[in-house]
Amino acid sequence: MAALITAPRLMSIGGGALTELPALLGRFAVSRPLIVTDPFIAKSGILDRAIGMLDKAGIAWAVFSDTVPDPTTDVIETGTARLREGDYDSLIAIGGGSPIDTAKGMSVLYANGGRISDYKVPNDIPKSGPPIIAIPTTAGTGSEVTRFTVITDTATDEKMLIAGLACCPTAAIVDYELTLTMPLRLTADTGIDSLTHAIEAYVSRRANPYADGMAKSAMGLIARNIRTACAEPTNHAAREAMMLGATSAGMAFSNSSVALVHGMSRPIGAFFHVPHGLSNAMLLPEITAFSAPAALDRYADCARAMGIAEEGEGSQAAVARLLDELRGLNEQLKVPTPRDYGIPKDRYEELLPIMASQALASGSPANNPREPSADEIIELYRRVYG
Ligand SMILES: NC(=O)c1ccc[n+]([C@@H]2O[C@H](COP(=O)([O-])OP(=O)(O)OC[C@H]3O[C@@H](n4cnc5c(N)ncnc54)[C@H](O)[C@@H]3O)[C@@H](O)[C@H]2O)c1
Ligand SMILES: [Fe+2]
């Protein structure tokens, strides 16, 4: 079966790529951008650099910086109102996955009206909105190249997955130098998020040869560099590899899918405000152990791509190495269990049925090589609690 591949029309990738911003807007003949970012980036010097370049090129801009981590329906509505007030022809999203996903949500709501929940999977997004130029500062969600946005419904706490061509940025500027300021915890969490994207894209039932190549390349880059990027934040080679790995992993899962880890991770994030990468990391080893028997050779390929198993080594042995590696990585990067994170056991237990039903409703578990029942998901949540 043919795979349908989506990607931004243009990408500028490499150290210093941010300086391409004015020229890139010119290529798409847009000149009145609304910049979407978060309060940290607004103060960090990164936003000032970007607007300095726009000023020099005579491009009029405005900033919406009231985004929040894990964007909510409220923030999307406020941002869309802002977009409607002005005469903007494009969006520039600068930041981690949260500002980029916010810009996507704003573009969708601007073009289609209604409520953002009208467009959650499996619903279609009829029209594309203003073009988005995405500039990631974490490595990362890969949102700069994906056809997804994840928005939390303020009324229900559900983390909704919204998917479609309308969510794919028109262009991406992938400049690893913007990640040099990431602290250890953020580097570790966002790095494990990217590794999870690559592994899930590769073992997904929607895997295809194009996404496979991107996924294996991403796994190799991330597994070989995540420890160095955490230990030496200004190591340029490690930061560059992590950024390239994150974007490649984004290309992989956007054109394959994520699977059970992401399906189960969103409810933990939504109910207990655990950062996205961290909730993935809490789940990744156990979910891999649960899923591997259904796709032993594919998981063994992951171990080989990560450089932790020999090419000639049998699949069973390679998968055992993969599980050791994922557990070891969590230990070294000090990933807490939900219990250690401070999630109260009684509240966790009480929410398990709704968490399982939201996980299943997102559609991601159906792409897993081993498709779990609601009871199995509850059991897995219990197993990772700690
Ligand atoms: N659309 C997609 O395809 C996709 C994929 C995966 C995750 N996501 C979503 O992305 C969001 C998570 O994004 P994220 O993990 O990039 O984090 P984030 O955007 O929420 O940012 C987390 C924190 O890191 C700070 N930060 C960002 N860049 C920094 C830098 N260079 N130096 C120091 N601090 C910096 C931010 O200001 C913020 O305080 C979640 O909502 C998740 O659901 C989306
Ligand atoms: Fe993710």
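The values are calculated or read from the model by the stated rules, or taken from the named source; none is laboratory data. Keep in mind that this is a model prediction, so the values were computed, not measured. Using ideal geometry, Cβ is built from the backbone for each residue, glycine included, and neighbour counts are taken over all protein chains shown.
Brief remarks follow.
- Those strands (runs of 3 or more DSSP E) lying entirely in the stretch 1-70 with at least 3 residues in contact (Cβ under 8 Å) with a residue 24 or more places away in the chain and more than 27 Å from SER257 (Cα to Cα): 33-36, 62-64
- Selected residue (only one of ARG147, ARG115, ARG84 is within 27 Å of SER12 (Cβ to Cβ) and in contact (Cβ under 8 Å) with a residue 12 or more places away in the chain): ARG147
- Within the stretch 245-278, the set of residues being over 21 Å from MET306 (Cβ atoms) and either among the charged types (D, E, K, R) or over 12 Å from the mean Cα position of the chain (by Cα) (or both) comprises GLY263, MET264, ARG266, PRO267, ILE268, GLY269, ALA270, PHE271, PHE272, HIS273, VAL274.
- Selected residue (criterion: surrounded by the most Cβ atoms within 10 Å (Cβ to Cβ)) from residues of the stretch 61-80 that are polar (S, T, N, Q) and within 21 Å of the chain's Cα centre (by Cα): THR67
- Within the stretch 140-154, not a single residue is outside the structural domain of ASN225 (by TED's automatic domain parsing), out of contact with any strand residue (DSSP E or B) (no Cβ under 7 Å at 6 or more places or on another chain) and more than 17 Å from SER254 (Cβ to Cβ).
- Subset of the stretch 179-237 that is hydroxyl-bearing (Ser, Thr, Tyr) and within 18 Å of the chain's Cα centre (by Cα) - its residue that is surrounded by the fewest Cβ atoms within 10 Å (Cβ to Cβ): SER217
- Residue in the stretch 60-78 that is nearest to ligand 1 (Cβ to nearest atom), counting only those that are under 18 Å from ILE116 (Cα atoms) and among the hydroxyl-bearing types (Ser, Thr, Tyr): THR67
- In the set (1) free of Cβ contacts under 8 Å to residues at least 60 places away in the same chain; (2) charged (D, E, K, R); (3) more than 14 Å from ligand 2 (Cβ to nearest atom), ASP101 fails one condition alone, (3).
- Annotation: ARG115 fulfils all but one of (1) farther than 18 Å from LEU161 by Cα; (2) more than 13 Å from ligand 1 (Cβ to nearest atom); the unmet one is (1).
- The residue list GLY142, GLY164 contains one member that is at positive phi and more than 10 Å from ligand 1 (Cβ to nearest atom), which is GLY164.
- Looking across the stretch 135-182, the residues that are within 16 Å of ligand 2 (Cβ to nearest atom), assigned to a strand (DSSP E or B) and not small (Gly, Ala, Ser) come down to PRO136, PHE148, THR149, VAL150, ILE151, THR152, LYS159, MET160, LEU161, ILE162.
- Checked against the criterion of being among the basic types (Lys, Arg) and outside any helix (DSSP H, G or I), the candidates LYS127, LYS104 yield just one match: LYS127.
- Hey, VAL203 touching a Pro at 6+ places or on another chain (Cβ under 8 Å) and not assigned by TED's automatic domain parsing to the domain that holds GLY363 or not: no
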